[in-house]
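Chemist: There's a structure below that I have some questions on.
Where a number appears in this text, it was derived from the coordinates with a stated rule and is not lab data. Everything quoted here is computed from the prediction, not taken from an experiment. Please note: Cβ atoms are built from the backbone with ideal geometry, for glycine as well, and neighbour counts cover all protein chains shown.
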Amino acid sequence: MTSPTIFLTVDGRRIEARPGQTILEATDEACIYVPRLCWMKGLLPFGSCRVCTVRVNGRPQAACTQPVTPGMVVENDTEELRALRRDLIDMLFVEGNHFCMFCAKSGNCELQALAYRFGIAAPGYPFAFPQRAPDASHPGILIDRDRCVLCARCVRASREIDGKTVFGFVHRGAAKALAVNAAAGLGGTDADAADRAVAACPTGALMVKRIGFALPVGRRVFDHAPIGSEIESPAAEK
Amino acid sequence: MPTTAETAVATICASFGHDRARLLDILQSVQRQLGCVGDAAIDALAADLGMPRVDVAGVVSFYSFLTTKPRGRIVIRLCDDVPDRMLGADRVGSGLEEELGIRFGETTPDGLFTLEHASCIGMSDQAPAALFNDVVVPNLGPGAARRLVDEIRQHPEAPDLRRLLVREYGDGQNAHDLVRSAVQNNLRRAGEVIFAERTANAGLAKALAMSPAEVIRQVKTARLRGRGGAGFPTGMKWEFARAAASDQRYLICNADEGEPGTFKDRVILTERPDLLFEGMTIAGYAIGASRGLLYLRGEYAYLRDYLEDVLARRRAAGLLGENICGKPGFDFDVRIQLGAGAYICGEETALISSCEGLRGDPKNRPPFPAQRGYLGKPTAVNNVETLCCVPRILEMGSGWFASIGSRKSTGTKLLSVSGDCTRRGVYEVPLGTRLAVVLEMCGAEDPLAVQVGGPSGQMVGAADFAREICFDDLATGGALVVFGAGRDPLAIAAQYLAFFIHESCGYCTPCRVGNVLLKERLDRILAGAGEAADLDYLQTLAGTVKTASRCGLGQTSPNPVLSTLRSFRPLYEARLTTPAEGRQAGFDLAARLAEAGRLTGRRPVGFEAGGESR
C-alpha cells in the first residue's frame, strides 16, 4: 500500500510530500533548496543552527524538524528569511575564529559556501575572538575548536552511524563547547580518522591529518557550484 | 580512610538503582559527599551507569550548582538580580569580597568559603538576599554579611548552618521545624482562589466521584489557563495527554520559577503545599497518570524536607499511594526532583530533559510532551499556581471560578511585586486588574516604569499603567518589578540581557550568539559611544533572535531591548553621538593603537600619548 500524498505550498508552488516527512525532506525532493547547516542526510534532525528557518502558515519553524501537514503554506525564499539566514550565518562566523584564507577546508566548507551564497563579504557583527583550545592528541585527527559551529553533526554521526560516543558537549550558553569522551583528549578515545563523525564536520573543526591540500583549492566541491545547487539541479550532479 | 571517589559513587549509584535517568540526583549526592564532581568521579559515574563520560561531564558543566573543581565548604551565592541590585546587592558583594579577601568566583585559601553570584533566588521581595549553601539569608546588608562570615569562621565545624545564620524565623510555615528559615512570606493580599479559606481535599473528593473526562470538562468550563506565563488552556493540555495511548503517563509540576522577580510559588510551596499536592493528584486522575514529579528549583532546596514531610503525611492519610481515598485502581504518588541552578529548566521540555538526567536543553517539538514527554511517555507539565486552582474549581464549581476575573481571563493571578515600592510581596488579584491598581496597592509612588512578566516580559511606561493584567493584554507569569524615578531603564535592560546570556542553554545559534551581540551594542550605547544606526541594528538583531530561536527563552530574551526601544526611545537617543566625518562612532583610535602596540610589542609612532595606561 502506498502512503497517501500530501500537498503543500512552498513560495506559491504546490509540491507533493509523504506523511511523516519533514518540510526539508519534501522540498529537497521537489528540488527546492532550503539552506541548512546542522542538518545532514542520514542523521536525525537536530534543529540547532536555525538556518533552515521557514515560515509555516506565518509562524517561524525549522524546516528540518517540522513535519509536513496537508495544505500547509510554507514561505522559504523571501526577503525576510534571506536576511534572517544571512544574520545567522554571520553569527556563526563572528562566534568562532574562521580564517578561510589558510584553512585546509576552504572550498569544501559548508559555512564558507553558505556565506558566499548569501553574499557575505564581511560579517556585519563584531568578532568575539574567543580563546578555544585545539586538540591534536589523536594521531590521525585534529580538532580545531576555533572553527566549530556546535552543529552536533560529529556528535550524532558518531552515535548514530559509527556506533561510538566519541563527541559530546560541555558547558552552556556562549561557553558551550565540543568535548570528547576521554579526559586525556581525542587521543584517549576510540575515534578513527575513517569515522563518519570526522567527515560529517561541515567546517574545518575536524580534520584528517596529513591530507590538507591534497586536493588543491580551486578544484573543491564549492569551487564548481554554489552550495544548494546539488538540490536545485540534481541532474547536473554526477 | 578517606572516601575515594569510586566508593562514594558506587554507594550513591546503588541507592538510585544505577538509573542514569536519576543522574541529576546522583550528581548532587556525589557533590554533597565529595565537595565536587571531579574527573575521577566522572569516570566512576560513567562506568557505573554505563554511559559515556562526555555525557556525564556535559551534565555536570550545564548546571550552575554543580562543579568539577573543589569549592569551599560554605558556598555563598549572592543574588545579583535587578531588584537585589536596586537595593544594594553590589555593596553587599564588595563587603563580602573585602571580608573574605577573595573575588567572586574564588575560594578562600583555607577552603572554607567560595563566593559566587546567583541569577535570581526567588527573594526579590526581601532583597538583597544570598544563599549560604542551602540556607537563605534575606535582607542582607554589608554589615550583616560580614558578621555572618565571622560567625561561620568562629564555628567552622557547626553541623547545622541554619542555627548560625538564622536569627529569627519568618512568618507562617517558615518557622516550621523542617523549614526554620528567615524567609518572610510577605503575602500582602489573599484572593478568592489560592489563599482563601477552603475545605481540604473537598476538591479531590468531588473529582474522584466524577469520571476523568468530567474533571477535564470542569477545568475547561472554568476556562483555566496556565499561570506560568504562556497561558495555554489547561483542560486542553490534559485532554491531549489523556488521549495519547500509553501504558504510563506522567504529571509534572513546574516549581522552577526562575523568571527574575518571581517568588509567588515560594509562598504557595510554604503555605499551601497540600493544595498543590491535591491539585497534582486531581490532575493525575484526570490524565491517567500514576506518577507525578515536583520539579523544585535548586534555590528552594530549603523547602525540600518540609515538602517531603507533607507528602509522607498525605501517603499516611491515603491521599497518595494506591487506591487513593478508597477509589479502587486510582494510584498516584509524587517524587520531588531537585533542580541545580538553570533558568532554562523552567521551559517545559528542558524541564523534562532535566528530570531525565540530561543537560537542560529544550527538546524539538513535535512531538509535544503530551504525546512523548518524560521518558518518552505522555506528560502534562503544569505550573504550581495552575495546579492550585484545580481543587478550588472542583470544590466550588467551574461557574464560580469563571465568575472571578474577566471573561477570557478567569480566576485570580498571583503577582510577585518587588523594586521601588513600600509593600513588596505577593498579591492575589482577579485577572483583569489594572496595573495602576496594583501599583497603588503596593505603594509605588510615581513609578517611571514597571517590568511586567520579568525580563522576558515587557517594560511598561506610565502611559500604559491603565492596561489590564490578563491573558489578552499584559500577560504575565506574575513578576512585577517597579522602577522609580531616577532608575535607568537602559541599564536595567542590559542587566536583563546579561541574565539571558548566562542562562541560555547554547543549543541554537540566535540565542547563543545573538544575545551576546545585543548586549555588546547596548553597552556601547550606554558608554556614550553609540550612533543613530545602532538603534536600527538593535531592532533588526532583536527581531532575528526572536524569530529564529528554538524555544521561549530566545524568543523573549530580546524583549528588554525591544520594549525599551518602544517605550523609552528618547533615553536611547539622548545617549547617541554623531561620529566625526568618515569615522565610526565609538571608535577610539588611540585606544586601538595602544592595544595593537601591546599585542605586537611595538610603540605606535606619533600616538604614544593615546593609551599608555592600558
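Chemist: Exposed loop GluC sites (Glu not before Pro) only (DSSP loop, at most 16 other Cβ atoms within 10 Å): please give the longest stretch of chain B free of them, not including the sites.
Modeler: After excluding every exposed loop site, the longest remaining stretch is B:446-580.
Chemist: Right, something else. Grab the beta carbon distance between residue B:14 and residue B:106, set R0 = 35 Å, and tell me the FRET efficiency rounded to 0.05.
Modeler: Numbers: r = 35 Å, r/R0 = 1.01.
Calculated transfer efficiency: 0.50.
Chemist: Under 12 Å from the Cβ of residue B:554, count the other residues' Cβ atoms, weight Lys and Arg +1, Asp and Glu -1, and hand me the total.
Modeler: Residues near residue B:554 contribute +2 overall.
Chemist: In whole Å, how far is the Cα centre of the range B:396-464 from that of the range B:471-544?
Modeler: 23
Chemist: Tell me, how many Å apart are the Cα centres for the range B:66-127 and for the range A:79-139?
Modeler: 37
Chemist: Let me check I've understood the local charge: for residue B:448, count other residues with C-beta under 14 angstrom from its C-beta, Lys and Arg +1, Asp and Glu -1. What total comes out?
Modeler: -4
Chemist: Taking R0 as 56 Å, what's the FRET efficiency between residue B:175 and residue A:129 from their Cβ-Cβ distance, rounded to 0.05?
Modeler: Given R0 = 56 Å and the Cβ-Cβ separation, E is 0.60.
Chemist: Loop-only GluC sites (Glu not before Pro) in the range A:71-153, please: DSSP not H, G, I, E or B, and at most 16 other Cβ atoms within 10 Å.
Modeler: none
Chemist: Rounding to the nearest 20 debye, state how big the charge dipole of the range B:495-614 is about its Cα centre with +1 on each Lys and Arg Cβ and -1 on each Asp and Glu Cβ.
Modeler: Using only the charged Cβ atoms, the result is roughly 280 debye.
Chemist: What is the angle, in °, between the Cα long axis of helix B:273-287 and the longest principal axis of the Cα atoms in chain B? Nearest 10 is fine, range 0 to 90.
Modeler: Computed tilt is about 70 degrees.
Chemist: With charges only on Cβ, +1 for K and R and -1 for D and E, what is the dipole size of the range B:397-506 about its Cα centre, in debye, rounded to 20?
Modeler: 260
Chemist: What number, in percent, do you get for the relative contact order of chain B if the mean sequence gap of Cα pairs under 8 Å and at least 6 apart is divided by its residue count?
Modeler: 12
Chemist: How large is ³J(HN,Hα), in whole Hz, for each residue of the range B:61-69 in order, when computed from phi with the Karplus curve 6.51 cos²θ - 1.76 cosθ + 1.60 and θ = phi - 60°, using x for Gly and Pro?
Modeler: Residue by residue, the range B:61-69 yields 7, 7, 9, 4, 7, 9, 9, 8, 10 Hz.
Chemist: Give me the distance in nm between label points sitting 7 Å out from Cα along the Cα-to-Cβ direction at residue B:539 and residue B:375, one decimal.
Modeler: 5.2
Chemist: I would also like to ask the following. Would you mind ranking B:32, B:223 by Cβ crowding within 10 Å, fewest neighbours first?
Modeler: Values: B:32 11, B:223 20.
So the residues, fewest neighbours to most, are B:32, B:223.
Chemist: For the residue pair residue B:7 and residue B:338, what label-to-label distance in nm results when each label sits 7 Å from Cα along the Cα-to-beta-carbon direction?
Modeler: Label at residue B:7, label at residue B:338, 2.4 nm between them.
Chemist: Which cross-chain or sequence-distant (5 or more) residues have an amide H under 5 Å from the amide H of residue B:363, H modelled 1.01 Å from N in plane?
Modeler: B:349, B:350
Chemist: Another question, if that's okay. If you place +1 on the Cβ of every Lys and Arg and -1 on the Cβ of every Asp and Glu, how big does the dipole about the Cα centre of the protein assembly as shown come out, in debye to the nearest 20? Write out the running numbers ahead of the final one.
Modeler: Working: 98 positive and 98 negative charges, 249 e Å.
With Lys and Arg at +1 and Asp and Glu at -1, about 1200 debye.
Chemist: What shape does the range A:48-177 take by its C-alpha gyration tensor, where a ≥ b ≥ c are the square roots of the eigenvalues and a/c under 1.5 counts as rounded, a/b above b/c as prolate, and the rest as oblate?
Modeler: oblate
Chemist: Could you line up A:224, A:171 from fewest to most neighbouring Cβ atoms inside 10 Å?
Modeler: On the way: A:224 12, A:171 16.
Neighbour counts put them in this order, fewest first: A:224, A:171.
Chemist: What is the gain in length, in nm to one decimal, between residue B:243 and residue B:322 on full extension, counting 0.36 nm per residue of separation less the C-alpha to C-alpha distance?
Modeler: Gain on extension, residue B:243 to residue B:322, equals 26.1 nm.
Chemist: I've got another one for you. Amide H to amide H, which residues 5 or more places from residue B:252 or on other chains are under 5 Å from it, using H placed in the peptide plane?
Modeler: B:293, B:380, B:381, B:382
Chemist: From the square roots a ≥ b ≥ c of the eigenvalues of the alpha-carbon gyration tensor of the range B:368-455, which class results: rounded (a/c under 1.5), prolate (a/b over b/c), or oblate? Please report the intermediate quantities before stating the final value.
Modeler: Numbers: a/c = 2.86, a/b = 1.61, b/c = 1.78.
In terms of gyration-tensor shape, oblate.
Chemist: Can you give the three extents of the C-alpha atoms in chain A along their principal axes, from longest to shortest, in whole Å?
Modeler: 52, 43, 39
Chemist: Determine the shielding of peptide B:532-543 by partner chains: average, over its residues, the number of Cβ atoms on other chains within 10 angstrom of each Cβ.
Modeler: Shielding by partners across B:532-543 averages 1.
Chemist: Give or take rounding to whole Å, what are the principal axis extents of the alpha carbon atoms in the range B:424-497, in descending order?
Modeler: For the range B:424-497, the Cα extents along the three principal axes come out at 32, 24, 24 Å.
Chemist: Round to the nearest 10 and give me the degree value, 0 to 90, for the angle of helix B:5-15's Cα axis relative to the longest principal axis of chain B.
Modeler: 30
Chemist: Under 37 °C and 0.692 mPa s, how fast does the protein assembly as shown diffuse according to Stokes-Einstein, given a Kirkwood radius computed over C-alpha pairs? Answer in µm²/s, whole number.
Modeler: 114
Chemist: Which of A:71, A:127, A:44 sits farthest toward the positive end of the charge dipole of the range A:37-127, with +1 on the Cβ of Lys and Arg and -1 on the Cβ of Asp and Glu?
Modeler: Of the candidates, A:44 comes out farthest on the positive side.
Chemist: Please give the helix B:234-243 orientation as an angle from the longest Cα principal axis of chain B, in degrees from 0 to 90, rounded to the nearest 10.
Modeler: Between the helix axis and the principal axis of chain B, the angle is about 60 degrees.
Chemist: Please give the Cα centre distance for the range B:213-288 versus the range A:159-184, rounded to the nearest Å.
Modeler: One Cα centre to the other: 36 Å.
Chemist: Take the cross-link list B:237/B:377; B:519/B:546; B:69/B:519; B:206/B:377; B:220/B:264 and give me the ones stretching past 19 Å between alpha-carbons.
Modeler: Numbers: B:237/B:377 14 Å; B:519/B:546 15 Å; B:69/B:519 29 Å; B:206/B:377 28 Å; B:220/B:264 24 Å.
Over 19 Å apart, Cα to Cα: B:69/B:519; B:206/B:377; B:220/B:264.
Chemist: Divide by every residue of the protein assembly as shown the summed helix terms, -39500 (n - 2.57) for each DSSP H run of at least 4, and state the resulting mean residue ellipticity at 222 nm, rounded to the nearest 500 deg cm²/dmol.
Modeler: Numbers: 32 runs with 309 residues, N = 852.
About -10500 deg cm²/dmol.
Chemist: Any idea how far apart residue B:94 and residue B:146 come out in nm if each label point goes 7 Å out from Cα toward Cβ?
Modeler: 1.3
Chemist: Order these by the 10 Å Cβ neighbour count, fewest first: B:583, B:249.
Modeler: B:583, B:249
Chemist: On to the next question. With unit charges on the beta carbons (Lys and Arg positive, Asp and Glu negative) and the dipole taken about the Cα centre of the protein assembly as shown, which residue among B:432, B:591, A:203 sits farthest to the positive side?
Modeler: The Cα lying farthest towards the positive end belongs to A:203.
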